[in-house]
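The values are calculated or read from the model by the stated rules, or taken from the named source; none is laboratory data. The structure presented is a predicted model; accordingly, all values stated were derived computationally and were not measured. All Cβ positions, even for glycine, are placed from backbone atoms using ideal geometry, and neighbour counts span all protein chains on display. Note: areas computed on protein heavy atoms with side chains; ligands, DNA, RNA excluded. Shrake-Rupley method; radii C 1.70, N 1.55, O 1.52, S 1.80 Å.
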Amino acid sequence: MFYAYILQSVRHPDRLYRGHSSDLKQRLADHNAGNCPHTAKFAPWKLRFYAAFETLRQAQQFEAYLKTGSGHAFAKRRSL
């Protein structure tokens, strides 16, 4: 399985990060350990939303959608 996800910074709740991974637990641990330069300064993070997909391509496409204006509206409608 592959996942597209949205993380929310615990210390800066207005900060969201959108990504994809095949190992969601490990990826969250990596973000919280500061292993990703894009998210290190806003750690710690909590998982707010994820969707599972059968293929990497589907997860990547949904991640790309989450980064669009429509994707931001999708997240906002779901109180993410």
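Basic side chains Lys and Arg get +1 at the Cβ, acidic Asp and Glu get -1 at the Cβ, and with that the dipole of the chain about its Cα centre reaches some 320 debye.
For Lys76, the lysines whose Cα comes closer than 22 Å to its Cα, not counting residues fewer than 8 places off in the same chain, are Lys46, Lys67. Given R₀ = 25 Å, FRET efficiency for Ser70-Met1 by Cβ-Cβ distance, to 0.05? Once rounded, the FRET efficiency stands at 0.55.
What percentage of the solvent-accessible surface of the chain, computed with a 1.4 Å probe over protein heavy atoms, is contributed by carbon and sulfur atoms?
In the chain, the share of accessible area belonging to carbon and sulfur is 51 percent.
Overall size of region 28-80 from C-alpha positions, given as principal axis extents largest first: 28, 26, 15 Å.
Keeping all protein chains in place, calculate the accessible area per residue for the chain (probe 1.4 angstrom), answer in Å².
Spelled out: the 1.4 Å probe surface of the chain, per residue, equals 63 Å².
I need the trypsin sites (Lys or Arg not before Pro) found in the chain, filtered to DSSP loop residues with at most 16 other beta carbons within 10 Å of theirs. Those that pass, being in a loop and sparsely packed, are Arg11, Arg15, Lys67, Arg78. Subtracting the Cα-Cα distance of Asp23 and Cys36 from 0.36 nm times their residue separation leaves 3.2 nm of extension gain.
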